[in-house]
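Comments concern the structure below.
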Amino acid sequence: MADLIVENASQLVTLAGPARPRAGAEMRELGIIIGGALLARDGVIVAVGAASEVEPQAGPDAIRIDARTSVVMPGFVDAHTHPVFAGTREDEMRAAGLTYQQIASQGGGIRSTVRKTREASEDDLFEMALPRVRSLLEHGTTTVEAKSGYGLTLDDELKILQVIQRLNAETPLELIPTFLGAHEIPDEYRGAREDYIRLVTDEMLPRVAAEGLARYCDVFCESHVFTVDESRRVLARAKELGLGVRLHAEQLSLSGGAGLAAEFGAATADHLEWIDAEGIIALNRAGVIAVLLPGAVFHLGLTRYAPARAMIEAELPLALATDFNPGSSPTPSMQMILSIACTQMRMIPAEAISASTINAAYSLDGGKRIGSLEVGKQADVVVFDCSDYRQIPYLFGINHALVVIKSGRVVVDRRAKGS
């Protein structure tokens, strides 16, 4: 594998810093090197610094990427996605004024995607997911957390997780698998929710753990989906089986999900639009990272975003993610998420970049390997078509990622020929 050098960067945004999630004022410290360069060998970063110092270390056959007038950053780490599903839900666009809950109660939403996903074979789902993987990569994302949750039977949940496993093996994108069997009560269990919860805890989770198909377990904790007590049972079983835990919490109401995440010392609590001050304190004390998903608020036409400023002021580490899914946030673009975070949640661009790289990496237990551009880390790198990192969220609706490098290999190159 030839050396790869990215040189002459207008800004080399390294995110170098303490080996832990960043909080408070630390989220503004990006470790920028003006006119910087990065050298990768065998997929690992071996030198970072001024171009004059790094360039002489490159081998004679090194692949060279001239990044003058460009920002060079770590690849985005998208810490909450649902990329494996069948069908789309554009027919549910809320022009008729129905809420997300009303659509779900009429058999739409997650339940609609479940029906279509059950009908699809593993090969079908794999082929459907390939262009999504490509789009994620093209927008500068090099690692994602990928959830199941659109099967809701033992065989269909296993099928989705097996597709995630195949995507991880057969595409450049790195996918961290999460089991989300407790995503919704399926139609056939509408009058027997206790039976479905037992199916999740007694059959699904043991098989998922035994076959090594997931690293985490997640639950959609909401009063009309899985209550706090029901979610506690699922998470407790997951921990018994050796899985890490994550939680959809306080998305649509103040239901107690943040407190439950703190109780379990979860890796993350996600959404958090309705969290209160007590919940922020509880998460911080328990070492839980908040994963904020402003794309879902935007797409659902809601106005209540997670209180990012209060979280930052409380020094709660937070991450940003797309929540990429067919219904509530059908975007693969972390760049768009940064734009929404800065305009609607009053984050500054530096904070948004920390949240979508190094903090997201730590939320997946990967912060010592990915999420920043430092010697010894995996060479996951993106070259953007702008000279200042603040332009990435500011000039919204545009894909600024020109070159995407995963483990030292160029996997996307959108530069004009000859450049």
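Structure above, values below:
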item: Strands (runs of 3 or more DSSP E) wholly inside region 341-419 containing at least 3 residues that are free of Cβ contacts under 8 Å to residues at least 12 places away in the same chain and hydroxyl-bearing (Ser, Thr, Tyr); result: none
item: Of all residues making up region 261-278, the number that are surrounded by fewer than 24 Cβ atoms within 10 Å (Cβ to Cβ) and either assigned to a helix (DSSP H, G or I) or within 21 Å of the chain's Cα centre (by Cα) (or both); result: 8
item: Count of region 382-399 residues which are surrounded by fewer than 18 Cβ atoms within 10 Å (Cβ to Cβ) and among the aliphatic types (A, V, I, L, M); result: 2
item: Filter result (out of contact with any helix residue (DSSP H, G or I) (no Cβ under 8 Å at 6 or more places or on another chain) and either in a strand (DSSP E or B) or more than 17 Å from residue 220 (Cα to Cα) (or both)) within region 279-301; result: 281, 284, 287, 299
item: Options 350, 341: the member that is out of contact with any Ser or Thr (no Cβ under 7 Å at 6 or more places or on another chain), closer than 22 Å to residue 146 by Cβ and open to solvent by less than 10 Å² (accessible area, probe 1.4 Å); result: 341
item: Residue, farthest from the chain's Cα centre (by Cα), within region 185-230, restricted to residues that are more than 19 Å from residue 249 (Cα to Cα) and among the aromatic types (Phe, Trp, Tyr); result: 189
item: Tally, over region 21-42, of residues that are open to solvent by 10 Å² or more (accessible area, probe 1.4 Å), at positive phi and not in a strand (DSSP E or B); result: 2
item: Counted residues, region 10-20 - those being of a type in the set (A, V, I, L, M), out of contact with any helix residue (DSSP H, G or I) (no Cβ under 8 Å at 6 or more places or on another chain) and crowded, with 22+ Cβ neighbours inside 10 Å; result: 1
item: Leading residue by the ranking (surrounded by the most Cβ atoms within 10 Å (Cβ to Cβ)) among those in region 89-145 that are in a loop (DSSP other than H, G, I, E, B) and at pLDDT 95 or above; result: 140
item: Complete set of residues in region 59-83 that are buried (at least 24 other Cβ atoms within 10 Å of the Cβ), in a loop (DSSP other than H, G, I, E, B) and not hydroxyl-bearing (Ser, Thr, Tyr); result: 67, 75, 82, 83
item: Residue that is least open to solvent (accessible area, probe 1.4 Å), among those in region 43-58 that are out of contact with any Gly (no Cβ under 9 Å at 6 or more places or on another chain) and free of Cβ contacts under 8 Å to residues at least 60 places away in the same chain; result: 58
item: Residue satisfying condition, being of a type outside the set (Asp, Glu), over 20 Å from residue 119 (Cβ atoms), open to solvent by less than 60 Å² (accessible area, probe 1.4 Å) and modelled with pLDDT of 95 or more, within set 160, 197; result: 197
item: Unmet requirement for residue 181, which otherwise passes all of (1) touching a strand residue (DSSP E or B) at 6+ places or on another chain (Cβ under 9 Å); (2) outside any strand (DSSP E or B); (3) open to solvent by less than 60 Å² (accessible area, probe 1.4 Å); result: (2)
item: Given (1) touching a Leu at 6+ places or on another chain (Cβ under 9 Å); (2) of a type in the set (A, V, I, L, M); (3) open to solvent by less than 30 Å² (accessible area, probe 1.4 Å), index of the condition residue 410 fails; result: (3)
item: Out of 246, 233, sole residue that is open to solvent by 40 Å² or more (accessible area, probe 1.4 Å) and either in contact with a Ser or Thr (Cβ under 9 Å, 6 or more places away or on another chain) or within 27 Å of residue 305 (Cβ to Cβ) (or both); result: 233
item: Check on residue 2, under 25 Å from residue 359 (Cα atoms), in contact (Cβ under 8 Å) with a residue 24 or more places away in the chain, surrounded by fewer than 21 Cβ atoms within 10 Å (Cβ to Cβ) and not β-branched (Val, Ile, Thr); result: no
item: Meets criteria (among the charged types (D, E, K, R) and open to solvent by 20 Å² or more (accessible area, probe 1.4 Å)) for residue 222; result: no
item: Pairs, first touching a residue at least 40 places away in the same chain (Cβ under 8 Å) and at positive phi in region 299-320, second surrounded by fewer than 17 Cβ atoms within 10 Å (Cβ to Cβ) and in a helix (DSSP H, G or I), C-beta under 6 Å, six or more apart; result: 301/94; 315/24
item: Every residue from region 43-58 that is closer than 29 Å to residue 337 by Cα and in a loop (DSSP other than H, G, I, E, B); result: 43
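The values are calculated or read from the model by the stated rules, or taken from the named source; none is laboratory data. This structure is a prediction, so every number in the text was calculated from the model and none was measured. Cβ: placed from backbone, ideal geometry, glycine included. Neighbour counts: every protein chain shown. Side chains included, ligands, DNA and RNA excluded: accessible areas come from the protein's heavy atoms. Shrake-Rupley method; radii C 1.70, N 1.55, O 1.52, S 1.80 Å.
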